[in-house]
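The values are calculated or read from the model by the stated rules, or taken from the named source; none is laboratory data. What you see is a predicted model; the values in this text were computed from it and never measured. Glycine also receives a Cβ, built like all others from the backbone with ideal geometry; neighbour counts cover every protein chain displayed. Protein only, heavy atoms only, side chains kept; ligands, DNA and RNA dropped before computing areas. Shrake-Rupley method; radii C 1.70, N 1.55, O 1.52, S 1.80 Å.
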Amino acid sequence: MGPHELIEWMMLSAIVLPIILIGLRLKSRGRMLMFSLAGIICIAYGVLLSIHPYFIDQKIAYNAKQVESYLEQTYPNERFELTTVPYWKEGYKHLNPYKIEVVFANEADAIYIYSVQDNGTVELNGFPSTPEPLDERLDGLKHMK
């Protein structure tokens, strides 16, 4: 369980527990309404948890298409390979699934990291780091637009 999941559970508890406690103090009809409200909130949270991974998958696929289109326009004669984070697998949960790694065929030793902003803008977010000085490293990279 990551820190964001812990925060989600704390917020759910902060919303549902007071509703249950208020329901315990009320008479039969008010109690039933409060418990029903707490149940509906818990069911809605469960639906959110079950749908959210599929939403992330769709967003990643959309972002990969955006990056691919951008790279085809920017580097028309280049071959490249896109890689996304397999966040469903164990050991990848801590990585950002919205970052897309790109390896160009003519520069196989460099991995460029792209992301897509909410407005559809594709941005270069990172590139490989080596012990070389920064100026030499940037001069050697061919796809730094």
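Among the residues of this structure, ILE60 does not count as one that is out of contact with any Lys or Arg (no Cβ under 8 Å at 6 or more places or on another chain), assigned to a helix (DSSP H, G or I), within 18 Å of HIS4 (Cα to Cα) and in contact (Cβ under 8 Å) with a residue 12 or more places away in the chain.
The set of residues in region 23-32 that are without any contact (Cβ under 8 Å) to a residue 12 or more places away in the chain and assigned to a helix (DSSP H, G or I) comprises LEU24, ARG25, SER28, ARG29, GLY30, ARG31, MET32. Condition check for MET11 on (1) farther than 27 Å from GLU123 by Cβ; (2) touching a helix residue (DSSP H, G or I) at 6+ places or on another chain (Cβ under 9 Å); (3) open to solvent by 100 Å² or more (accessible area, probe 1.4 Å): one failure, at (2). Confirm whether ASN63 is under 30 Å from ASN125 (Cα atoms), surrounded by 11 or more Cβ atoms within 10 Å (Cβ to Cβ) and either in contact with a His (Cβ under 6 Å, 6 or more places away or on another chain) or modelled with pLDDT of 90 or more (or both). Here the answer is yes, as ASN63 does meet what is asked.
Looking only at residues of region 66-77 that are open to solvent by 60 Å² or more (accessible area, probe 1.4 Å) and modelled with pLDDT under 90, we find that the one that is nearest to LEU124 (Cα to Cα) is PRO76.
Checking LYS93, LYS142 one by one, the residue that is in a loop (DSSP other than H, G, I, E, B), under 24 Å from ILE60 (Cα atoms) and either modelled with pLDDT of 80 or more or open to solvent by 60 Å² or more (accessible area, probe 1.4 Å) (or both) is LYS93 and no other. Being under 24 Å from the mean Cα position of the chain (by Cα) and open to solvent by less than 60 Å² (accessible area, probe 1.4 Å) is the requirement here; does LEU6 meet it? So LEU6 does not fit the description; no.
Taking region 96-117 as the range and being among the acidic types (Asp, Glu) and open to solvent by 60 Å² or more (accessible area, probe 1.4 Å) as the test, the residues that pass are GLU101, ASP109. Here PHE35, PHE55 are screened, and the one residue that is open to solvent by 60 Å² or more (accessible area, probe 1.4 Å), under 26 Å from LEU124 (Cα atoms) and either assigned to a helix (DSSP H, G or I) or at pLDDT 90 or above (or both) is PHE55.
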